[in-house]
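A.B. asks: If you scroll down you'll find the structure; I have some questions about it.
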Amino acid sequence: MKNIFLTLLLLATSFATLLAQPLAGSSKTEQLLATADREMELHSYDQALEKYMEVYERDEDDKTLIPTIAELNYRLRDYGAATRWYKQVFRRMDSADTTYNHHRFYYGRALKIMEKHDEAIMALQDFLRHAEDGPMKTLAEREITGAEMAQNTPESTSEVVLEDAGRKVNSLFSEYSPTLSKDNVLYYASADANEVIIPEDVNDPANFIRIFMSTQKEGRKGKKEWDRPEALSVDVNRPGVHTANPALSDDGRKLYYNRIELESQKMVSAKIYVSDVDDNGWKSGNEVAGGVNGDFLALQPVMGELFGKEVMFFASDMPGGYGGMDIYYATLDGEDNFGEPVNLGERINTVGDDKMPFYFDGTLYFSTTGQPTLGGYDVYYSVWNGSEWSNAENMGPGFNTSQDDLSFKLYGDGYRGFLTSNRKGGRSIKSKTCCDDIYEFEIAQLYADLVVGVFTEERKGLLGATVNLIPVQPNSQSPLGGADTQTKEKGNRFDYGLELENAYLVTASHPDYYPDTFAFDILGLEESKTVEHRFFLKAKPVPPPEPIYDTITPNQAIRLENILYDFNKSSIRPSSEVDLNQLYNILDSMQDITLIELSAHTDVRGTDSYNMTLSKRRAQSARRWLINKGIDAKRLKAEGYGETIPQTITESLARRYDFLNVGDVLTEEFINSLPNEEQQEAAHELNRRTEFKILEGPTTFIMKRIIKQEVKEQPERNSLPIEVQTTPAKVSNDSLKISHLSSLVGQTDLSGLPVLDFDFREYNLGPVKKGEKREFDYAFTNRGDVAAKVMMISACECTTVDHDNSKTYQPGESGVIKVVFDSESKDEDETITIDIFLEQSDKNDMPIVEALEYSFKLVK
């Protein structure tokens, strides 16, 4: 019996257990179902899946097991299989059907992890339509924010160089909690197995997670690599229990870890132990004293400092938390004795799972599913200021991926570290993403990157653009090869990591716009830099479509496609003049057409007599228009048919209206059978029409087809996303004064928009000596009802701006933009403008731009 439970054991993720619906069938089927349900209750998901599949394969016409099979694949982190099974559940299900609504949440999250962000957002929005208030609703809203964030986040950054720890350390199963000692020994937990485990012998160490240690040696090409690991002695790895999550004290003399007991595969006990070290190695472990162990799970201990005292951080599901797993701390009161646990509060803990804490130099790093994430678990951090934690921030690309990223740890001077992840390219016993590997990373102390935004001349985000980053020879701009090309069908932001001491040429292009270029270099950098550039592309002229010609015969009714009427009116819309002009040109050039009939038709609303009169007025309106243009009245006959001749759908109409078929007749009965008001109104409008036919004249003639003039859609708004709000509040100038330095000034309805309210926008530095530097801040609060995110900040070279553009400001959240002014290049008094481009557009599809100004009087 194959078993992969060790791959998922230490995730300890909170789930509601959902058993399959009972099926009618043979006693063998009932036995399989009972076994599967029991395995499900005991979290033996791989065994449960095997049994449910046996039942399903006995009767594939019975679909009741499919949601359970899909969820089990999700829990086993086989997201490809999960989405395939979930598609079978939802592809034929109406979005109003709430039968499996909780599964829509898991389906949406699986799609997000598979990087199918649009589909994920749709599934999660379907879930929210029917979700009651509670943790899952909150999580779904944050999952949508995370999916939108992921759509415009680069996969990597030049700031981080990351590689796996090698095959000697990373097995086909999962590795957990890498910890580095000061003498460069790597401790971690693993089953250390590279083949399927057969759980028959409970005394076989391969059936249990143990703590291992590995040292580095000289590898191929002089590169250091981690050597084959050795398990710690039975003093630490007690036989018959799982030993995991190693963490060292600051002096390296104590090893903290977990001993975990299971009932089948369900974690029933997890306690924290400590071992001391002497010349003979690690001594026998003892359960730490105090309040950290109890009738709850206590996992992933790590030491740190708060309020000047040594503390232990750990994750637990003890009662009174915010969600599934929360992070706590307990103060060290004596030798291996800890005080009562204290929850770290809502700035750290969420309604999801918060775990894998690590403390380094005043900052707490941890993994969470309760914040907006790029994938499953993301690494977040929060800074301790001596009295409270800051709002948690996402560590961003490089560290976080579309999968689970856990056990983030830093060592030395803070530029070297480890994490575990089931990201693409890792080793796995089952699916591509079932198992976590250890990765080692280095953070560059000096790096550069590029952020490009592509807009139209009207300053609207341009979708479908292509940006090329080309390394070139400094000064000559001769290409060196190795161009990095990106095309964005969704989004207009492009991110690149740059190699130092290089020059670059950037090109932006689009099939419907003229290209543009930008050149820059990053030679001689002394500090890290983000280069930002905005392209505003000029549209190419749009060639007119090739005309289509039709052969017209007498008494053939020709629909004037663009002559439509408002309900209950006979006046000609301005858009109708296109068709009337074409008809005028036909009559003017073909004098042998001696008589035509202009016929007008109404929809079915109104009395028969009223509609007949209204249709005649409409026909007369078209006739008068042609007479006023100079057509002889004797050549024009106007007839009104009221509602007596409903429109019959032609091939061209069926192409434009996908809910209609060729030959449909738009009778009152047919229109009332349409499923929604929008389709019904479109059908009524098609009945309100004007046609013409030749009564006297040539037997045939060729006429250029009259084509429906489509209303030009507004370009999509700057596609960098904002948070979905289900019931946004309306913000208006009545409650908030909009500065003249904001592009929102003069707009009355600010609902659904981010509104940055600055404490002040104009700052006078007063007298400044040439060569002097001044530092100052602009503080702001998002007073809008949706999230705000800065895409880029533009200022002159004399101004250095410090702001984390990856941060999203929820309504009510505040931020600071730090500015350093260097007057070295200035020769006179000046007012400097700083432009802040948000990733959102206003209701006119114009980018939201917030301007700041500062002035100075130069003293030489």
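The values are calculated or read from the model by the stated rules, or taken from the named source; none is laboratory data. Because the structure is predicted, anything quoted here is derived from the model rather than measured. Please note: Cβ atoms are built from the backbone with ideal geometry, for glycine as well, and neighbour counts cover all protein chains shown. Side chains are part of the model used for accessible areas, which takes the heavy atoms of the whole protein and leaves out ligands, DNA and RNA. Shrake-Rupley method; radii C 1.70, N 1.55, O 1.52, S 1.80 Å.
A.B. asks: How do the strands (runs of 3 or more DSSP E) wholly within the stretch 255-337 filter down when requiring 1 or more residues that are small (Gly, Ala, Ser) and in contact with a Ser or Thr (Cβ under 8 Å, 6 or more places away or on another chain): which remain?
C.D. replies: 266-278, 298-306
A.B. asks: Okay, next question. Those residues that are within 14 Å of GLN31 (Cβ to Cβ) and open to solvent by 20 Å² or more (accessible area, probe 1.4 Å), I need them from the stretch 51-62; list them, please.
C.D. replies: Those that are within 14 Å of GLN31 (Cβ to Cβ) and open to solvent by 20 Å² or more (accessible area, probe 1.4 Å): LYS51, GLU54, ARG58.
A.B. asks: Something else now. Picking from TYR381, TYR359, which residue would you name as being open to solvent by 20 Å² or more (accessible area, probe 1.4 Å), touching a residue at least 40 places away in the same chain (Cβ under 8 Å) and either assigned to a strand (DSSP E or B) or within 23 Å of ALA444 (Cα to Cα) (or both)?
C.D. replies: Answer to the selection: TYR359.
A.B. asks: If I filter the stretch 748-780 down to residues being of a type in the set (Val, Ile, Thr) and more than 25 Å from LYS807 (Cα to Cα), which single residue comes out as modelled with the highest pLDDT?
C.D. replies: Applying the filter and picking the extreme gives VAL768.
A.B. asks: Does any residue of the stretch 447-454 turn out to be over 25 Å from GLN840 (Cα atoms) and either surrounded by fewer than 20 Cβ atoms within 10 Å (Cβ to Cβ) or out of contact with any helix residue (DSSP H, G or I) (no Cβ under 7 Å at 6 or more places or on another chain) (or both)? Reasoning before the result, please.
C.D. replies: Step one: of the stretch 447-454, the residues over 25 Å from GLN840 (Cα atoms) are 447-448.
Subset that is either surrounded by fewer than 20 Cβ atoms within 10 Å (Cβ to Cβ) or out of contact with any helix residue (DSSP H, G or I) (no Cβ under 7 Å at 6 or more places or on another chain) (or both): 447-448.
Within the stretch 447-454 (the criterion being over 25 Å from GLN840 (Cα atoms) and either surrounded by fewer than 20 Cβ atoms within 10 Å (Cβ to Cβ) or out of contact with any helix residue (DSSP H, G or I) (no Cβ under 7 Å at 6 or more places or on another chain) (or both)), the answer is yes, since at least one residue qualifies.
A.B. asks: Of everything in the stretch 824-842, what is assigned to a helix (DSSP H, G or I) and either within 22 Å of GLN747 (Cα to Cα) or touching a Cys at 6+ places or on another chain (Cβ under 7 Å) (or both)? Give them in sequence order.
C.D. replies: Result: SER825, single match.
A.B. asks: What tally of residues in the stretch 342-356 results from selecting those that are open to solvent by 30 Å² or more (accessible area, probe 1.4 Å) and out of contact with any helix residue (DSSP H, G or I) (no Cβ under 9 Å at 6 or more places or on another chain)?
C.D. replies: Qualifying residue count for the region: 4.
A.B. asks: Give the residues of the stretch 457-515 that are among the β-branched types (Val, Ile, Thr) and either open to solvent by 40 Å² or more (accessible area, probe 1.4 Å) or closer than 25 Å to LYS789 by Cα (or both), sorted by residue number. Before the answer, list the steps.
C.D. replies: The initial filter retains those residues of the stretch 457-515 that are among the β-branched types (Val, Ile, Thr), namely 466-467, 470, 472, 485, 487, 506-507.
Result: THR466, VAL467, THR485, THR487, VAL506.
A.B. asks: Another one. List every residue pair whose Cβ atoms lie under 6 Å apart, where the two residues are 6 or more positions apart in sequence or sit on different chains, the first residue falls within the stretch 732-748 and is open to solvent by less than 60 Å² (accessible area, probe 1.4 Å) and part of a loop (DSSP other than H, G, I, E, B), and the second residue, located anywhere, is modelled with pLDDT under 80 and β-branched (Val, Ile, Thr).
C.D. replies: Correct list of pairs: ILE738/VAL745.
A.B. asks: Follow-up question, since we're still on this one. Hey, among the residues in the stretch 384-423 that are under 18 Å from PHE173 (Cβ atoms) and free of Cβ contacts under 8 Å to residues at least 24 places away in the same chain, which one's least open to solvent (accessible area, probe 1.4 Å)?
C.D. replies: The residue in question is SER421.
A.B. asks: For the stretch 333-344, give me each residue that is under 26 Å from PHE418 (Cα atoms) and modelled with pLDDT under 95.
C.D. replies: Of everything in the stretch 333-344, nothing turns out to be under 26 Å from PHE418 (Cα atoms) and modelled with pLDDT under 95.
A.B. asks: Within the stretch 229-243, which residues are without any contact (Cβ under 8 Å) to a residue 40 or more places away in the chain and part of a strand (DSSP E or B)?
C.D. replies: Selection gives GLU230, ALA231.
A.B. asks: Go through the stretch 122-171 and give me each residue that's open to solvent by less than 50 Å² (accessible area, probe 1.4 Å), of a type in the set (Gly, Ala, Ser) and assigned to a loop (DSSP other than H, G, I, E, B).
C.D. replies: Within the stretch 122-171, ALA131, GLY134, SER158, ALA165, GLY166, SER171 meet the criteria.
A.B. asks: Does the stretch 370-380 include one or more residues that are more than 26 Å from ASN422 (Cα to Cα) and aliphatic (A, V, I, L, M)?
C.D. replies: Within the stretch 370-380 (the criterion being more than 26 Å from ASN422 (Cα to Cα) and aliphatic (A, V, I, L, M)), the answer is no, since none of the residues qualifies.
A.B. asks: Let me ask you something else. Please verify whether the stretch 392-402 includes one or more residues that are under 16 Å from the mean Cα position of the chain (by Cα), within 26 Å of SER190 (Cα to Cα) and of a type in the set (Ser, Thr, Tyr).
C.D. replies: The answer is yes, given that some residue of the stretch 392-402 is under 16 Å from the mean Cα position of the chain (by Cα), within 26 Å of SER190 (Cα to Cα) and of a type in the set (Ser, Thr, Tyr).
A.B. asks: For the stretch 796-804, indicate whether the set of residues that are charged (D, E, K, R), touching a residue at least 40 places away in the same chain (Cβ under 8 Å) and buried (at least 16 other Cβ atoms within 10 Å of the Cβ) is non-empty. Write out each step before concluding.
C.D. replies: Step one: of the stretch 796-804, the residues charged (D, E, K, R) are 797, 802, 804.
With touching a residue at least 40 places away in the same chain (Cβ under 8 Å) added as a condition, the list becomes 804.
Right, trim to buried (at least 16 other Cβ atoms within 10 Å of the Cβ) and you get none.
Taking every residue of the stretch 796-804 in turn, none turns out to be charged (D, E, K, R), touching a residue at least 40 places away in the same chain (Cβ under 8 Å) and buried (at least 16 other Cβ atoms within 10 Å of the Cβ).
A.B. asks: Is it the case, given these coordinates, that LYS112 is free of Cβ contacts under 8 Å to residues at least 12 places away in the same chain and in a helix (DSSP H, G or I)?
C.D. replies: Here the answer is no, as LYS112 does not meet what is asked.
A.B. asks: I'd like the full set of residues that are over 23 Å from the mean Cα position of the chain (by Cα), under 30 Å from GLU501 (Cα atoms) and not β-branched (Val, Ile, Thr), limited to the stretch 429-463.
C.D. replies: TYR439, GLU440, PHE441, GLU442, ALA444, GLN445, LEU446, TYR447, ALA448
A.B. asks: Anything in the stretch 675-699 that is in a strand (DSSP E or B), open to solvent by less than 30 Å² (accessible area, probe 1.4 Å) and among the charged types (D, E, K, R)? List them, or say none. Walk me through how you get there before you give the answer.
C.D. replies: Here is the first cut: in the stretch 675-699, the ones in a strand (DSSP E or B) are 689-696.
The next check asks that each one be open to solvent by less than 30 Å² (accessible area, probe 1.4 Å); those that pass are 689-692, 694.
Within the stretch 675-699, ARG689, GLU691 meet the criteria.
A.B. asks: What are the pairs, 6+ residues apart or on separate chains, where a residue within the stretch 129-146 that is modelled with pLDDT of 90 or more has its Cβ under 8 Å from a residue that is basic (Lys, Arg)?
C.D. replies: Once the first residue is modelled with pLDDT of 90 or more and sits in the stretch 129-146, its partners that are basic (Lys, Arg) give GLU143/ARG109; GLU143/LYS112; GLY146/LYS112.
A.B. asks: Taking the stretch 603-623 only, how many residues are open to solvent by less than 10 Å² (accessible area, probe 1.4 Å) and either free of Cβ contacts under 8 Å to residues at least 12 places away in the same chain or of a type outside the set (Ser, Thr, Tyr) (or both)? Lay out the reasoning, then the answer.
C.D. replies: Kept after step one, since they are open to solvent by less than 10 Å² (accessible area, probe 1.4 Å), are these residues of the stretch 603-623: 603, 611, 614-615, 618-619, 622.
Going one step further and asking which of them are either free of Cβ contacts under 8 Å to residues at least 12 places away in the same chain or of a type outside the set (Ser, Thr, Tyr) (or both), we end up with 603, 611, 614, 618-619, 622.
Total meeting the criteria: 6.
A.B. asks: Has the stretch 244-256 got at least one residue that is over 24 Å from GLY417 (Cα atoms), touching a residue at least 24 places away in the same chain (Cβ under 8 Å) and open to solvent by less than 30 Å² (accessible area, probe 1.4 Å)?
C.D. replies: Among the residues of the stretch 244-256, not one is over 24 Å from GLY417 (Cα atoms), touching a residue at least 24 places away in the same chain (Cβ under 8 Å) and open to solvent by less than 30 Å² (accessible area, probe 1.4 Å), which makes the answer no.
A.B. asks: Can you name the number of the only condition in (1) farther than 15 Å from TYR763 by Cβ; (2) open to solvent by 10 Å² or more (accessible area, probe 1.4 Å) that VAL816 fails?
C.D. replies: Every listed condition holds for VAL816 apart from (1).
A.B. asks: Given LYS137, LYS168, LYS116, which one is within 20 Å of THR368 (Cα to Cα) and basic (Lys, Arg)?
C.D. replies: Numbers: LYS168 fails: within 20 Å of THR368 (Cα to Cα); LYS116 fails: within 20 Å of THR368 (Cα to Cα).
Just a single option satisfies the conditions, and that option is LYS137.
A.B. asks: Quick check on this structure: which one of ILE817, ILE793 is touching a residue at least 60 places away in the same chain (Cβ under 8 Å) and either under 30 Å from LEU463 (Cα atoms) or not in a strand (DSSP E or B) (or both)?
C.D. replies: Only one candidate qualifies: ILE793.
A.B. asks: A further question follows. Are any of the residues in the stretch 436-446 among the hydroxyl-bearing types (Ser, Thr, Tyr) and under 30 Å from PRO541 (Cα atoms)?
C.D. replies: Within the stretch 436-446, none of the residues are among the hydroxyl-bearing types (Ser, Thr, Tyr) and under 30 Å from PRO541 (Cα atoms).
A.B. asks: Additional query: Kindly establish whether ILE832 is open to solvent by less than 20 Å² (accessible area, probe 1.4 Å), under 25 Å from LYS769 (Cα atoms) and modelled with pLDDT under 90.
C.D. replies: So ILE832 fits the description; yes.
A.B. asks: List, please: which pairs have Cβ atoms under 6 Å, are six or more places apart or on different chains, and start with a residue in the stretch 670-697 that is touching a residue at least 40 places away in the same chain (Cβ under 8 Å) and farther than 30 Å from ASP592 by Cβ and end with one that is open to solvent by 20 Å² or more (accessible area, probe 1.4 Å) and not in a loop (DSSP other than H, G, I, E, B)?
C.D. replies: ILE671/GLN680
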